Amino acid sequence: MKNKSSSSRLRQTQSLNGLWDFAFLGRIDLETFNPEGALIYEKMPVPSAFDALPIHAGKRGAAVYRTRFVIPPGHEARVEFGAVSMWCRIYVDGVPLRDHACGYAPFFVDLPAKETPERELMVLVDNRFDFDRVPMHEEYFDFYQYGGILRDVTCYLLPLNQPFIDSVQVTPHERYRDGEVEVRVKVGGIVPEVLHFALQFDGGEVQTHEVRMVNGEATCSASVPEPRTWSPDSPSLHQVRVTLRDANGNDVDDMEIRFGLRRIEARDGALWLNGEKLQLRGYNRHEWHPNYGPCTPSLQMVVDLQLLRDLGCNFIRCAHYPQDQRFLDLCDELGFLVLEENLGWGQREKTFASAKWRSDHAESLRAMVRASYNHPSVIIWGFLNEAGTDHDYSRAVIAETVNTLRSLDPSRLVTYATMFPLEDKHFDLVDLISLNIYPGWYGCEGVEQPLECIKPHLDRCIESIDSRGFTDKPILVSEIGAEALYGWHDAHNDFFTEEHQAEYLRRACLASLEHSRCCGIALWHFSDIRTYSGGRSLTRPRTFNNKGTLDEYRRPKAAYQVVREIFHSFAKTNDSVDQVDTLVGE
Ligand code: ADA
């Protein structure tokens, strides 16, 4: 399935996905790697995580990928990588062009022109944990971190001696219902003083614009003819084609993107979508399947969304990294609301002290917003899941991240998920307060009736937040859950049985959705995932995080029907239109 959020008619575009040459190099010294002497003896599909394939399972070290392709002589080109994990160095025709160290964020390299058509792309990847080289990935994260070229690789030919479109961002204005939007065109290559371009919405009439460039960008207001509002009940999408023209009126480059007309707000202690109060009902979801690791096929994404829709969900928290664009395309089309977050998991003072981490984190944030800006499904940007936000040392990083996100995109809400609901020090900085809580699961050693802890704990968290003066901020339960091993039942209905999990989730859903201050819930989590290896995994049976309502093969546990019933009953009371049966097939 093709990435639908952007395309071009004028640019020559080629997918570089396919079978690449490959070799696992192991624990080599990366600085001694010689691209010319690389002994390459295997084939590897791109995209894939090499260590998700049984033949390389569990290996950590360097690996090299190589492909050859052709572009017309004299042309510059851009190669976009959807994600390469965890660290990589990109060589073009034997020359190292850049390193990249956030395994889930998209990035690109610009290929210089050459007199001959054949080009060689080599990607040295490394999935070893090394805080100095790749501080965004730390080994204690509660999900398995793989290596490889995880997402699509695409090559675009850039126009010769002309400006080209780097990105197009469409932002709905206050009068979005009437089709009023702002269009921002970012230009690369030769940047003119005044940009001549044409806009064509939904294949209709062409509107021409001449705009003075500011910092490489041209911004104008425009009006979408026959506007339709986007919402989960009615996920209507619009398209706009932006065509750059040279001084003689010739078309030199173009880009078509999809967008939606909708507005998200946080005010009066609640969330509002298109002016209507919004209740979020959903799950946290990792991009993962045992057969493919983090490189799930589109079919699996559709299957997951069908199941989430069947469960009565309107919301997905995409834990804990920037998403594959194919998944967000599907959320746009099917009408799911999304919280997309930057890679982060439990960072503390040592991480924040690293200049390399700060710069990689900021780069990854910018890449996430650039890639996902036009998806109407994305309503909230998240970052730094469960960081040390009970301390002052985290304030500068949180403030800086919020400022970066707001300056890149003032149209969406910003949040981080805290594990310190009672002690957190930075709620004032965000639009939405997100709580990861596990009452009656973690920390209930010695408690007679752990399930009885759920509601009182949530009530206490909310009271404490309100008593600290945050009554205007919506509160989301961004994680809550309990483990169950698929197929495990016994007479005690105790921890790890399906029955215990079902009862836990029942209480968690009711405590959250019935609370007037709570704008929604994202259960932890959709399906079981592989996590820690080695000694850390002793707290995780099977080396899996087993809190899925479905197991890793998407087989439902007992909790499935319980959650389904509750979510559907709240959907009936809270949503204007019952959207349950409206899933549109691919
Ligand atoms: C955390 C974390 C999740 C997962 C969960 C759990 O809140 O954000 O990634 O680790 O706890 O299962 O304990």
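Numbers below:
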item: Whole-number percent relative contact order across the chain, with pairs defined as alpha carbons under 8 Å at least 6 apart; result: 12
item: Volume in Å³ per residue [convex hull over Cα atoms, computed for segment 194-322]; result: 193
item: Equivalent ellipsoid, segment 373-492 (semi-axes from 5 times Cα gyration tensor eigenvalues, Å); result: 30, 18, 13
item: Taking only Cα atoms of segment 333-388, radius of gyration then Dmax in Å; result: 13.2, 41
item: Debye equation applied to the C-alpha atoms of segment 21-170, log10 I(q)/I(0) at 0.20 Å⁻¹; result: -1.27
item: Contact order normalised by residue count of segment 389-510, Cα under 8 Å, 6+ apart, percent; result: 21
item: Helical segments meeting 30 Å axial Cα length and Kyte-Doolittle -0.5 threshold in the chain (DSSP H); result: none
item: P(r) weight above 21 Å for segment 254-400, C-alpha pairs, percent; result: 51
item: For segment 93-158, fraction of C-alpha pairs farther apart than 14 Å, in %; result: 66
item: Gyration tensor (alpha-carbon) shape descriptor, segment 313-462, a/c threshold 1.5; result: oblate
item: J(HN,Hα) series, segment 138-146, from Karplus relation 6.51 cos²θ - 1.76 cosθ + 1.60, nearest Hz, glycine and proline x; result: 10, 6, 8, 4, 8, 6, 5, 9, 9
item: Rg(Cα)/(2.2 N^0.38 Å) for the chain, N = residue count; result: 0.97
item: Per-selection Rg to Rh, segment 416-572 - Cα, Kirkwood hydrodynamic radius; result: 0.98
item: Percent of Cα-Cα distances greater than 17 Å, calculated over segment 176-261; result: 48
item: Rg and Dmax [Cα atoms of segment 392-461; Å; Rg one decimal, Dmax integer]; result: 15.5, 49
item: Mean shadow area of segment 517-571, taken as a quarter of the surface of its Cα convex hull (nm²); result: 5.0
item: Segment 134-190: C-alpha gyration tensor shape, a/c 1.5 cut-off, then a/b vs b/c; result: oblate
item: Of all accessible heavy-atom area on the chain, the percent that carbon and sulfur account for (1.4 Å); result: 50
item: Computed accessible area, K473, all protein chains, 1.4 angstrom probe, square angstrom; result: 30
item: Cα-based Rg of segment 89-230 normalised by 2.2 N^0.38 Å, two decimals; result: 1.42
item: Whichever aspartates and glutamates have a C-alpha closer than 16 Å to that of K43, once near sequence neighbours (fewer than 8 apart) are set aside; result: D21, D51, E120
item: Net charge dipole size for the chain [Lys, Arg +1 and Asp, Glu -1 on Cβ; Debye, nearest 20]; result: 420
item: Convex hull of Cα atoms in segment 36-93, direction-averaged projection (nm²); result: 5.3
item: Accessible area per residue, Å², segment 309-448 with all protein chains present, probe 1.4 Å; result: 28
item: Cα-only radius of gyration and Dmax that characterise segment 491-555, units Å; result: 14.0, 43
item: Cβ crowding within 10 Å averaged over residues, with 428-439, 194-205 ranked highest first; result: 428-439, 194-205
item: Violating pairs (Cα-Cα greater than 27 angstrom) within the set K277/K455; K455/K557; K59/K114; K350/K473; K277/K547; K356/K473; result: K59/K114; K350/K473; K277/K547; K356/K473
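The values are calculated or read from the model by the stated rules, or taken from the named source; none is laboratory data. For clarity, every value in this text was computed on a predicted model and none was experimentally measured. Here the Cβ is made from the backbone with ideal geometry for all residues, glycine too, and neighbour counts use every protein chain on show. What goes into the accessible areas is simple: the full protein's heavy atoms, side chains included, and nothing from ligands, DNA or RNA. Shrake-Rupley method; radii C 1.70, N 1.55, O 1.52, S 1.80 Å.
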